Amino acid sequence: MYDYPAFQWPRTNGIEQMADSDWESQAIDQKGAILTQLSKFWFSLLQSEIPDLQTHFISLGMPPALQQRVPPVMVSQLQRRSMVVKRLKVFPIESIVRGYITGSAWSSYQKDGTVCGIKLGQNLRESEQLPEPLWTPSTKAGLGGKDENISPAEGTN
């Protein structure tokens, strides 16, 4: 993420990383461009469904003033991976809705039969579909840190 106040553009964000603790995403070609387009889709859909919703999204692509400062060979690579966004206060919660008992949820369930403090039925099998979707929030750790699962009550406080 780069801040360019001199150009009067709030921020430009190049998406290339993805939370991949539950699966491997390194082999996805054009991952950053795909994630940028997916983000744009969801920001637009949510804003059309919830008109008062404010997101940080302004536009796709790099601001023209920034394009002039980047080597031309990189502009085409970064253009599809970039978006201009507003600087907002970070809400350090990741919202995860699970339909299946897998990944860190499976590990937690094996230890004590719960996921994020939610007691689940007995004898579930790994990757089994849950009876209903389960909201399992986690903290968003800083650079180099590890997210931690928290209860839904902690996620709403």
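Data table
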item: Isotropic mean projected area of the C-alpha convex hull, the stretch 31-153 (nm²); result: 10.7
item: Where labels lie 7 Å past Cα in the beta-carbon direction, separation of residue 54 and residue 30 in nm; result: 3.5
item: For peptides 99-110, 48-59, 126-137, sequence by mean Cβ density within 10 Å, most packed first; result: 99-110, 126-137, 48-59
item: Using θ = phi - 60° and Karplus 6.51 cos²θ - 1.76 cosθ + 1.60, couplings along the stretch 134-151 (whole Hz; Gly, Pro as x); result: 10, 8, 10, x, 9, 6, 10, 6, x, 3, x, x, 10, 4, 10, 5, 9, 6
item: Residue-by-residue Karplus 3J(HN,Hα) for the stretch 111-119, coefficients 6.51, -1.76, 1.60, Hz, glycine and proline x; result: 6, 9, x, 10, 9, 6, x, 9, 6
item: For residue 58, residues with placed amide H under 5 Å, excluding near neighbours; result: 84, 85, 86
item: Anisotropy class of the stretch 93-156 from Cα gyration tensor, a/c 1.5 cut; result: prolate
item: For residue 130, distant residues with modelled amide H under 5 Å away; result: 100, 101
item: Karplus (6.51, -1.76, 1.60) ³J(HN,Hα), θ = phi - 60°, over the stretch 65-73, in Hz, Gly and Pro reported as x; result: 5, 6, 4, 5, 9, 10, x, x, 5
item: Those trypsin sites (Lys or Arg not before Pro) in the stretch 88-120 that DSSP places in a loop and that have at most 14 other beta carbons within 10 Å; result: 89
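Rule-based calculations on the coordinates, nothing more; no lab input. The structure presented is a predicted model; accordingly, all values stated were derived computationally and were not measured. Cβ coordinates were reconstructed from backbone atoms using ideal geometry, including for glycine residues, and neighbour counts include every protein chain displayed.
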